[in-house]
Amino acid sequence: MVARFRWIDWNREKVAKHGVLPVEAERVVLTATRPYPRKADGERWLVIGRGRGNRFVEVAYLIDPDRMTAFIIHA
């Protein structure tokens with residue numbers, strides 16, 4: 001279970017390119033319902049959920065070695 005998120009300029013800018021705010025991407029991950037989150041490929045996890053304005057948002061993330069922190073790589 002994800003307890004916190006790790007943000008750096010790179011992933012903030014990456015989600016912003018798609019009009020997604022970090023808090024919105026975090027909410028999608030934290031409120032995931034079946035069948036999500038699901039393992040995508042390798043180390044990557046995937047969630048699809050509702051974002052601002054009830055739109056669908058896809059979020060891909062990695063779990064840091066501490067197993068509690070998510071590093072969002074796509075939204």
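Quick rundown of the values:
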| quantity | calculated |
| --- | --- |
| Of all residues making up the stretch 29-59, the number that are farther than 16 Å from Arg6 by Cβ, of a type in the set (A, V, I, L, M) and either touching a residue at least 40 places away in the same chain (Cβ under 8 Å) or not in a loop (DSSP other than H, G, I, E, B) (or both) | 4 |
| Yes/no for Asp41 being at pLDDT 95 or above, charged (D, E, K, R), more than 13 Å from the chain's Cα centre (by Cα) and farther than 12 Å from Ala70 by Cα | no |
| Selection count, the stretch 29-46, where residues are among the β-branched types (Val, Ile, Thr) and surrounded by 15 or more Cβ atoms within 10 Å (Cβ to Cβ) | 1 |
| The stretch 1-16, residues that are in a loop (DSSP other than H, G, I, E, B), at pLDDT 95 or above and open to solvent by 60 Å² or more (accessible area, probe 1.4 Å) | Arg6, Ile8 |
| Residue count for the stretch 15-28, restricted to those that are under 13 Å from Val2 (Cα atoms) and charged (D, E, K, R) | 2 |
| Unmet criterion (only one of (1) under 21 Å from His18 (Cα atoms); (2) surrounded by 15 or more Cβ atoms within 10 Å (Cβ to Cβ); (3) in contact (Cβ under 8 Å) with a residue 24 or more places away in the chain) for Thr69 | (1) |
| The stretch 17-28, subset touching a residue at least 12 places away in the same chain (Cβ under 8 Å) and open to solvent by 30 Å² or more (accessible area, probe 1.4 Å), residue farthest from the chain's Cα centre (by Cα) | His18 |
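The values are calculated or read from the model by the stated rules, or taken from the named source; none is laboratory data. No experiment lies behind these values; they were computed from the predicted model shown. When we count neighbours, we look across all protein chains shown, and the Cβ atoms used for this are built from the backbone with ideal geometry, even at glycine. All accessible areas refer to the heavy atoms of the entire protein, side chains included, with ligands and DNA or RNA removed. Shrake-Rupley method; radii C 1.70, N 1.55, O 1.52, S 1.80 Å.
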